[in-house]
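A short reminder: the numbers here are calculations on the coordinates, not readings from a lab. Quick caveat, the model's predicted, so the values are computed rather than measured. FYI the Cβ positions are ideal-geometry reconstructions off the backbone, even for glycines, and counts take in every protein chain you see.
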Amino acid sequence: MIMKRMLVMFLMVMLVAGSLFAIGCEPDEEVVEDPLDPVDEEPVDEEPPAEVDPGWVFATDHEYSIRDDGYPGLQELYGFEFADVVTMDLGITYGALRDGDVPVAMGFATDGRIAAYELVNLVDDKQFHPVYNCSPVVREETLEMYPEIADILNPIAAALDADTMSSLNMQVDIEEYLPVEVAEEWLMAEGFIGDDPADMGDGEPVVVGSKEFTEQLTLGQIAILALEYNGIPTVDETGLGGTVVVREAQERGDVDLYWEYTGTALITHLGYDEAITDPEECYALVAEEDLERYGLVWLDYTPFDNTYTIMMRQADADELGITTISDLAEAIMSGVPAP
Amino acid sequence: MLQNLYKLVLVPLFLVIVGVVIVIYTVNNPTDGLVARMLTYDNVIRALREHLMLMLVSMIGAITVGVLVGIMLSRPSLYYLGRGVENVVNVGQTIPSLAILALFFTWLGLGFRVAVFALFLYSILPILRNTFAGITSVDDSIIESAKGMGLNQFRILTRIELPLAFPIIIAGIRTAIVINVGAATLATFIGGGGFGDLIVTGLSVRRDMVIVTGAGLAALTAIILDYVIGQIEIRVVKWT
Amino acid sequence: MIKLDNVTKKFPGMKIPAVKDLNLEVKEGDVCVLVGPSGCGKTTTMKMINRIHEPTEGKIYIKGEDALKMNPINLRLDIGYVIQEIGLFPHMTIEENVATVPNEKKWPKDKTDKKVDEMMTLVGLDPKIYRKRYPSALSGGQRQRVGVARAMVSDPPIMLMDEPFGAVDPITRARLQNEFLRIQERIEKTIVFVTHDIDEAIKMGDTIAVMREGKLIQHATPGDLLSAPADDFVADLVGRNRSIKRLHLIRIREILDDVNRIKPAPEDMPLDDVKKRIEDSDIRSVIVVDRDNKLKGIIGVNDLKRKTGEVAGDYCQKISDSVTDDATLNDALSVMLEMGEGYVAVVNEDDQYAGTITLGDLLNVVKEDN
Ligand SMILES: Nc1ncnc2c1ncn2[C@@H]1O[C@H](COP(=O)(O)OP(=O)(O)O)[C@@H](O)[C@H]1O
Ligand SMILES: [Mg+2]
């Protein structure tokens, strides 16, 4: 009994001491230097936010809500702030916007639902969002074994412009075709595959991975179909998981090839803080670093840039005369009621 | 008395302090700028408030409805319906919580209320099942001797059946809390907020400190609630 | 007091009625035992009296009033009810269990408390020890006692008891039966008592109603039932050795004065006197008592050979069991067989030595009877 009470008291003392210690701890230097850190400074609050209509709620996925190249950077650059930010799963921001749950949402520029749901991408007039062109990324050893992979996939990547990718995504998301069906039809139509497949080699198969959203699944299938048509055996590991999962699998050698976006690699995999808005510059840097540090080869990149986009409903945008993110920032900060 | 105080108040208080210390420590010692941005007092308090609201609103609803419906189904005239419902409930329980959430999202849209509603439906199941099982498992001879001594249906329910079913109902509520606290972290996928915001945001940028803080606080919440209910049970049920 | 008039009970979905055209009258203060093979309708008959089951046909009168027209809740509050499974409420203390009916009747607390104490004492459970205990902490026999106390606490004029001593071992059962009879002598309730054990019926009943397949075959006093069974079924039921069954009907104290009473030896009696007394005894041993006339032990011839002391107390052996003088001769026989001895010591209510019964005494009773 007494032992127990002493133990409790001891723990309490330790806890209080621990709390005091925790409070007393100086924040890391890095944090102090971070201009976006709301703990030290709240730059946005300095401007009178009193007029912001509480209806201005922003729907975003978790990643965009926190990354430097996401919402925190966006509000910093454009000088505005939403009344509230709701985080949700990546795929449902489009529906939330269409259904009127929120007036503004974040999405990906090439998503098929933008057109289908009568949404509009606001123009990033201050060029905040980094570029996210997409390349097949192959492990060096794999490419040594099958050097022809580059010849097979480079023309395909070159053919994937924004309209094409959007339309492929729409066929899956809205018309509910399977990614493999959409991939096959497009490859056929473009003449990348035909009725005369090469004999299947009996070498080591190439493991093709992808992240788990529509565009990635389709791109994964495109790679598989094209490789197999040219006689390279593959293993289908598409839909493996999030960015991190697929990337780590590739670094371990469990995945040989998947399509990655230049901007993602720059920030997430290579750890750069600053985004690059020129496609060629971004690609060159990423390709060089990734080969050097991880032995990963970036093949040619696509013309389409699946960057983040800020969307509104077309009708609302027309009514409020908003076409750019600056227009939106202006409307919000000047107290225009949310649609 | 002191023993009572120690168990009922000091232990939960201890756990709360553990949570507070975790928060104070992580907020003041972020590993980098991203973590600092996610782990602010505002964010943590908001997540806590949303999480508690998600859990409490859905649990209170689930307990009320689950117990009442469980009682109704245990009446002899509805017994077979009750058996049927019990089977449906057992099947319902095997549907993953994320699937339930996704289902309700497609029907009802997104946000806090939909998340609460999904959690509510999901938490009803164990409570309803245990209420029904608890009441119907009361020995017939006990009911008969109560009836034979002149207790009416209502008195038998309140004096005999419910007290005897109480430990089983509480077990159901505790199961529901465990399910609920886990499922509540998924509410963030449909914009419902809660500790899931911290966990999933942390996951998306691979910041372990944020993930662990969010998950740790969610777990602590569940442990505290479960502990308090367990203590209440021990205090009420003296007869086993 | 209780009258069943042409009562029939047919359960839905059953082809034959569980009870058919039953006429039965139980007089005030009588114990009427319903006996018969399992499934013959005893329980059903009993449960119609407090309307747990409603009769399909016929009428039931209680104190001349039509029971079927009374409010069943009020009816039940005035009928004590004990079932075989006892049905104690496991979540309530003994005190709360016993106070069930007073609480339903909203008695004032002090009255309830007093009555609970009184009932617990009456059934032999010390309230100081057992009031706050839960049923799970009690033995089978103690639970039966609580069941009886709970049924009797509000002093109901009528008690229904369905195999109340069914769930305990034979020795405990005999003890409970005897205690119950002793209580009944004082309280004189009208009791309907169900059992499938004919020996228990003969022992407990003022009258016995023998049932078979839902019908009443014979309703008579135990004596009449033994001497004049109505048909082969009843004769079979009471069995061939009816004379031994008579042992159930006779209390020990009824014969104790007639048997050759061996005088006990006080514990300080000198050895020579003890020797003499043993030689006079027809069981070649002598009972030793202490100063309060309480049983101390027994000395046989062989015990004296050991030369362990000077007085009776130094030689006596413990006696493993005794019977009370209100037990039946059958109980005495059981104890003798249990101990493997030809005698049993008898004590009175105050635990004082009252005499000794031998196997020979029992034989004489049976012989006389024939
Ligand atoms: N609730 C009931 N529903 C249907 N049948 C019953 C019910 N209770 C008793 N019975 C039937 O009635 C008959 C008499 O039962 P019961 O009175 O319990 O017999 P006993 O007490 O003599 O052993 C049995 O055949 C039994 O199956
Ligand atoms: Mg029976």
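Quick notes on this one:
- Only lysine pairs 8 or more places apart or on separate chains count here, and in the stretch C:225-370 those with Cα atoms under 29 Å apart total 27.
- Residue of A:170, A:145, A:311 that the Gaussian network model of chain A assigns the largest fluctuation, springs spanning Cα pairs under 10 Å: A:145
- Over all pairs of different C-alpha atoms in the protein assembly as shown, the reciprocal of the mean inverse distance, the Kirkwood hydrodynamic radius, equals 36.5 Å.
- With respect to chain B, whose longest principal axis is taken over its alpha-carbon atoms, helix B:79-93 is tilted by about 20°.
- Choice from B:49, B:75, B:155 showing the highest fluctuation, given a GNM over chain B with Cα pairs closer than 10 Å: B:155
- For the stretch C:104-128 versus the stretch A:64-107, the inter-centroid distance based on Cα atoms is 72 Å.
- Estimated translational diffusion coefficient (Stokes-Einstein, Kirkwood radius over Cα pairs, 10 °C, 1.306 mPa s) of the stretch A:172-267: 114 µm² per second.
- Options A:180, A:253, B:114, ranked by Cα towards positive dipole end of the protein assembly as shown, top entry (Cβ charges): B:114
- Dividing the summed -39500 (n - 2.57) terms of all DSSP H runs of n ≥ 4 by the residue count of chain C sets its mean residue ellipticity at 222 nm at -10000 deg cm²/dmol.
- When the pairs C:69/C:215; C:10/C:59; C:105/C:128; C:3/C:105; C:42/C:69; C:27/C:105 are compared against a 18 Å limit on Cα-Cα distance, C:69/C:215; C:105/C:128; C:3/C:105; C:42/C:69; C:27/C:105 fall above it.
- Exposure proxy shown here: for C:143, A:293, C:242, the number of other Cβ atoms within 10 Å sets the order, fewest to most, as A:293, C:242, C:143.
- Of all lysines in the structure, the ones whose alpha carbon falls short of 23 Å from that of residue B:7, not counting any fewer than 8 places away in one chain, are A:4, B:238.
- Given in Å, the Rg to one decimal and the Dmax to the nearest whole number for the Cα atoms of chain B are 20.8, 73.
- In the protein assembly as shown, a dipole from Cβ-located charges (positive for Lys and Arg, negative for Asp and Glu) runs towards its positive end, and of C:116, B:29, A:203 it is C:116 whose Cα lies farthest in that direction.
- Charge dipole of the stretch A:134-298 (Cα centre as origin; +1 on each Lys and Arg Cβ, -1 on each Asp and Glu Cβ, all else neutral): 320 debye, rounded to the nearest 20.
- Lys/Arg +1, Asp/Glu -1 at C-beta; the protein assembly as shown dipole; positive extreme among C:177, A:216, A:54: C:177
- Three-way shape call for the stretch C:83-181 based on the alpha-carbon gyration tensor, with the a/c threshold at 1.5: prolate
- When each of the peptides C:128-136, A:134-142 is scored by the mean number of other C-beta atoms lying within 10 Å of its residues, the order from highest to lowest reads A:134-142, C:128-136.
- Summing Cβ point charges (Lys, Arg +1; Asp, Glu -1) relative to the Cα centre of the stretch C:2-250 gives a dipole of roughly 460 debye.
- Separation of the stretch A:289-339 and the stretch C:187-241, taken as the distance between their Cα centroids, equals 97 angstrom.
- Residue with peak Gaussian network fluctuation, chain B [Cα springs, cutoff 10 Å], from B:227, B:80, B:122: B:80
- Exposure proxy ranking, count of Cβ atoms within 10 Å, fewest first, for C:219, B:51: C:219, B:51
- Placing +1 on the Cβ of every Lys and Arg and -1 on the Cβ of every Asp and Glu, with nothing else charged, gives the protein assembly as shown a dipole about its Cα centre of roughly 11160 debye.
- Value at 222 nm in deg cm²/dmol, rounded to 500, when DSSP H runs of n ≥ 4 in chain B each add -39,500 (n - 2.57): -26000 deg cm²/dmol
- Oblate is the label for chain A, because a/c, from the alpha-carbon gyration tensor with a ≥ b ≥ c as root eigenvalues, is 1.5 or above and a/b does not exceed b/c.
- Under 5 Å, built H, 5+ apart or other chain: amide partners of residue C:159: C:80, C:190, C:191, C:192
- Antiparallel %, DSSP beta bridges [both residues in the stretch C:2-250], to 5: 50
- Overall form of the stretch A:134-298 per C-alpha gyration tensor (a/c, 1.5; a/b vs b/c): oblate
- Helical content alone sets the calculated 222 nm signal of chain A at -13000 deg cm²/dmol, taking -39,500 (n - 2.57) per DSSP H segment of four or more residues and averaging over every residue.
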